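K.L.:
I have a structure here, written as structure tokens, and I will follow up with some questions on it.
Nothing in this text is a laboratory measurement; each read-out follows from the coordinates by a stated rule. Everything numeric in this text was worked out from a predicted model, so none of it was measured. A quick note on method: Cβ atoms are made from the backbone with ideal geometry, for glycine too, and the neighbour counts reach across all protein chains shown.
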Amino acid sequence: MKLITAVIKPFKLDDVRESLSEIGVQGITVTEVKGFGRQKGHTELYRGAEYVVDFLPKVKIEVATTDDLLDQAIEAITKAANTGKIGDGKIFVTALEQVIRIRTGEAGADAV
């Protein structure tokens, strides 16, 4: 099993959620985060004063999935989150050693 962590632009969240639902992903965890990558923030104008925004608002999506759905899930996130502009985000994939559903005690792929 794998844990997919994707950091994307906030307005792309609904597109990504719908895309993941279409391929059969049952649950996701979403967190509002701030950060920067290569773009290192940007400058904005507020009441005539220019200021630097270091941390940009992003959304972090976490999806636990089986190995057979991994490639489909990555492709779904990539297509749905892509705008072609800087700051589209990143996808990280890590191995999950164990997953346990608290309510029933199910473990492994059954818990996902």
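K.L.:
Expressed as an acute angle from 0 to 90° and rounded to the nearest 10, what is the orientation of the C-alpha long axis of helix 67-81 relative to the principal long axis of the chain?
P.N.:
Once rounded, the angle reads 20 degrees.
K.L.:
I've got another one for you. For the range 37-112, what relative contact order do you get, as a whole percent, if you take Cα pairs closer than 8 Å and at least 6 residues apart?
P.N.:
The value is 21 percent.
K.L.:
Let me ask you something else. Using all Cα-Cα distances in the range 1-91, what percent lands in each 10 angstrom bin from 0 up to the longest?
P.N.:
Over the range 1-91, the share of Cα pairs per 10 Å bin runs 16, 45, 25, 10, 4, 0 percent.
K.L.:
Can you give the calculated 222 nm mean residue ellipticity of the chain, where each DSSP H run of n ≥ 4 adds -39,500 (n - 2.57) and the sum is split over every residue, rounded to the nearest 500 deg cm²/dmol?
P.N.:
Calculated from helices alone, the mean residue ellipticity at 222 nm is -7500 deg cm²/dmol.
K.L.:
Still on this structure, please answer the following. Any idea what the dipole of the range 16-112 comes to, in debye rounded to 20, about its Cα centre with Lys/Arg Cβ at +1 and Asp/Glu Cβ at -1?
P.N.:
It works out to roughly 520 debye.
K.L.:
What's the longest piece of the chain with no exposed GluC sites (Glu not before Pro), counting a site as exposed if DSSP puts it in a loop and it has at most 14 other beta carbons within 10 Å?
P.N.:
The longest uninterrupted stretch comes out as 1-96.
K.L.:
Using the alpha-carbon atoms, what tilt in degrees (0 to 90, nearest 10) does helix 13-23 show relative to the longest principal axis of the chain?
P.N.:
Tilt of helix 13-23: around 20 degrees.
K.L.:
In the chain, which longest range has no chymotrypsin sites (Phe, Trp or Tyr not before Pro) that are both DSSP loop (not H, G, I, E or B) and surrounded by at most 16 other Cβ atoms within 10 Å?
P.N.:
With a cap of 16 other Cβ atoms within 10 Å, the longest stretch comes to 56-112.
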